[in-house]
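Down below is the structure, laid out as structure tokens.
The values are calculated or read from the model by the stated rules, or taken from the named source; none is laboratory data. Predicted model, so just to flag it, every value in this text is computed and none were measured. Neighbour counts run over all protein chains shown; Cβ positions are idealised from the backbone, glycine included.
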Amino acid sequence: MTEFILTQGFGYGIALGLGAAFALLMMATTYTAKKFLGQKQDSERFTTASRSVKQGLISSCVVSSWTWPGTLLTSSQWAYQYGVVGSYWYAAMGSFQVLLFTLVAIEIKKRCPGIHTIAEVARVRFGRGGHLVYLSYCLGTNVIVSCMLLLGGSQGFSFSTGMHIVAACFLLPMGVCVYTLFGGLQATFLSDWTHTVIIYVIILVCLTTVYGTSDLIGSPGKMYDLLTEIAKESPSSAANGSYLTFDNRAMIFTAWNLLMGGASTVFGDPSYSQKAIAASAKDVMFGYITGGLCWQIIPWGLGTCTGLAALALTNNPASYTYPNALTVEEAEKGLPLVYGMAAIFGKSGAAAAVVMIFMSVTSAMSAELISCSSILTYDFYRSYVNPKASGKQLVTASHIFVIAFSIFMGGLAVVFNYIGVTIGWILNFIGIALGPVLGALLGMLFYPKMTKHAMWFGPTMATLTGVACWLGSCHHFYGELNKDNLAGNYPSAIGNFVSVFTSPLYIFLISLIKPQSFDLSTLNDQFEAGDDAEETELERMKVQETDLDQLNKSLIQTRIFLIIHASIFVFILPLSLYGSGYIFSKRFFTAWVVITIIWEYLAAMWIIIWPLYESRVTLRYVIMKLLGKEGHLYYGAGEVKEISTSDQSFATPSVAEAKNEHHVNVITDSDHDM
Ligand SMILES: NC(N)=O
């Protein structure tokens, strides 16, 4: 019988106990917001969080929805297999994708802040046919990403605790489903923050212990010596066998596949545009950029401590597999994360790893649930079933879709588990099948000449071309088409490349036949609010003149930032280290570790503290109310102010007095921002 590092009871305890605890916490938060801030769960709030979310919370949501179980498991696995270069490439490629999305997020705020889902733009620009094509890509991405989350989460639980995989597939999304039902997008934002905080705290403890206080390693110098020693006994696949080098060709291909495959998981996944819709216009750029930078250090830092620790301690009795190294199968299951933490902290380390996996699967899953339910509500139900749906009916439909999607995904993840599909396989496949959505999205938002025929045929032809090249190149390189060969580096790289790059080409060529001349500045006029929307919610659906200048500046600043970021992290640093065949010296490795730790601390501080600071007035107000004390909130010159009734200058003013005499607005129900 297989031995597991943790007990089944622990697995069920976390999935059920922690799931229920979070569901209760989020329901209590939603209730508190309703009671003390007067927030009612209208259709706009459920789907868009009333378009008022500030930058700190946007950052933490970007981090949380991009932190999958695969992020944690694969970055550690790559660090274990390839050394320092593994977690670096994972982090650099993933962050580049999500940072690039900032351009789309700003364009959404500039052109169409009134949308509820990104697919609504396709309906307005290309009619029903184009809408259905785009919708298929969005839903396909939703389903495959959710499958990856549940596969990664259920396998992480099952391999570490022996928990039955079917139970894990259904129990993991259950708590998420409950709080998403009660709190909508706003509850997912708040839960994202708590989940992300827990993940950062665990990584910080781990990094500090591995490189500072552990008796087994305790310093970058000792880690360096252990990695050098182990490379002599079982060399890496790098040209020189070292784990302290970037000179690894296989890793470049793997990173390329991650970049191309992941393109659709950001650009096609409606949950990322959902955050842009929810963000206030002035906060969108900073929220996404800081989110991307804070995410980058998660796989980088985690791999650098857990993956390298599992490898360095191979010959130490503290290693769970001592005296053996992890088998290839164990490494591919992502176990270097759990075993690396177990080697450093004992069973509590393995337990912390499973808690992190739980946090990553549930927080990213909540974003998928709400975005899929929004797509089905607005792009299917309101568009084609009940165009006159009231706000109440929209909320009911959203609830039904949240429940249905959770059950469907649990079932699909079970099927994928049984046919033996892995996260890595799906990640390759998703880029080839759905990568063309990138061209479709960019064309729809930035290219006024794009036609409906281009939307019908451009992405679909790109998918077919990509799949044909993937299968053809697999046959060419391996002679036989099977599951393992199809996941090979070369066919995957070719399939991904063709899918992603032929899509804009087809779209451009088809549009040339009879170009549209769509006036993008009129796009926003086409979107309708639910009939239960409040005045401030309606106001936020419009493009504000004052925001336009800011958004145009943001676009330029983002382009400059992206060029600098990609130049440093995707090209100059890794490729010069690759090209030179440099093996890290002890000093260089020490500097590498110090930079990693500093970055991790800064990211954690930003994600933990900034959302609290931004919402300090509302939080203090709610706490005072909970304690039974008096408190009043006012808006003043764009800023929320807290004013006590004993403050004579504002003593119990009427709304009109407050507005006229003090130039402030008494806060109304929907004015309470997060
Ligand atoms: N979200 C990713 N690519 O780990």
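Among the residues of region 150-184, just one is outside any helix (DSSP H, G or I) and of a type in the set (A, V, I, L, M), namely M163. Here T117 fulfils each of the conditions (1) of a type outside the set (G, A, S); (2) away from the ligand (no atom under 12 Å from the Cβ); (3) in a helix (DSSP H, G or I) apart from (3).
As for region 310-328, it holds at least one residue that is more than 16 Å from the ligand (Cβ to nearest atom), in a helix (DSSP H, G or I), free of Cβ contacts under 8 Å to residues at least 12 places away in the same chain and under 30 Å from V145 (Cα atoms).
Tell me whether region 168-181 contains one or more residues that are under 26 Å from G340 (Cα atoms), touching a helix residue (DSSP H, G or I) at 6+ places or on another chain (Cβ under 6 Å) and either within 16 Å of the ligand (Cβ to nearest atom) or of a type in the set (S, T, Y) (or both). Within region 168-181, not a single residue is under 26 Å from G340 (Cα atoms), touching a helix residue (DSSP H, G or I) at 6+ places or on another chain (Cβ under 6 Å) and either within 16 Å of the ligand (Cβ to nearest atom) or of a type in the set (S, T, Y) (or both).
Among residues of region 422-447 that are outside any helix (DSSP H, G or I), those with a beta-carbon under 9 Å from a residue that is within 16 Å of the ligand (Cβ to nearest atom) and hydrophobic (A, V, I, L, M, F, W, C) at least six positions away or on a different chain give the pairs T422/L151; G435/M260; G435/A263; G435/F267; G435/V500; P436/V500. In region 254-296, which residue that is within 27 Å of F501 (Cβ to Cβ) and hydroxyl-bearing (S, T, Y) is modelled with the highest pLDDT? Top of the filtered list is Y288. G424 satisfies every condition listed in (1) under 19 Å from the mean Cα position of the chain (by Cα); (2) crowded, with 24+ Cβ neighbours inside 10 Å except (2). For first residues located in region 348-363 and closer than 18 Å to A20 by Cβ, partners that are of a type in the set (F, W, Y) and not in a helix (DSSP H, G or I) and lie 6+ apart or on another chain with Cβ distances below 9 Å form the pairs V361/W68. If the condition is being within 11 Å of the ligand (Cβ to nearest atom) and among the hydroxyl-bearing types (S, T, Y), then region 86-113 contributes Y90, S95. Restricting L441, L434 to those that are at pLDDT 95 or above and either of a type in the set (S, T, N, Q) or under 26 Å from E368 (Cα atoms) (or both) reduces the list to L441. Here the helices (runs of 4 or more DSSP H) wholly within region 514-617 that include at least 2 residues being crowded, with 16+ Cβ neighbours inside 10 Å, more than 27 Å from the chain's Cα centre (by Cα) and in contact (Cβ under 8 Å) with a residue 40 or more places away in the chain are 573-580, 586-614. A count restricted to region 253-277 and to residues that are away from the ligand (no atom under 16 Å from the Cβ) and over 15 Å from the mean Cα position of the chain (by Cα) stands at 2.
Evaluated against (1) of a type in the set (G, A, S); (2) within 14 Å of I375 (Cβ to Cβ); (3) modelled with pLDDT under 90, G183 falls short on exactly one condition, (2).
When the test is whether a residue is more than 30 Å from T362 (Cα to Cα), crowded, with 24+ Cβ neighbours inside 10 Å and more than 16 Å from the ligand (Cβ to nearest atom), I217 passes it. Can you say whether E107 is over 20 Å from the mean Cα position of the chain (by Cα), of a type in the set (D, E) and in the same structural domain as R249 (by TED's automatic domain parsing), as far as the supplied structure shows? Criteria not met by E107. Criterion applied to A238, A250 was being away from the ligand (no atom under 16 Å from the Cβ), farther than 14 Å from W66 by Cα and under 30 Å from the mean Cα position of the chain (by Cα), and the one residue passing it is A250. Examine region 566-589 for a residue that is within 21 Å of S280 (Cβ to Cβ) and either modelled with pLDDT of 95 or more or among the hydrophobic types (A, V, I, L, M, F, W, C) (or both), and state whether such a residue exists. Within region 566-589, not a single residue is within 21 Å of S280 (Cβ to Cβ) and either modelled with pLDDT of 95 or more or among the hydrophobic types (A, V, I, L, M, F, W, C) (or both). In region 16-30, the qualifying residues are those that are under 26 Å from L376 (Cβ atoms) and modelled with pLDDT of 80 or more, and the one that is surrounded by the fewest Cβ atoms within 10 Å (Cβ to Cβ) is M27.
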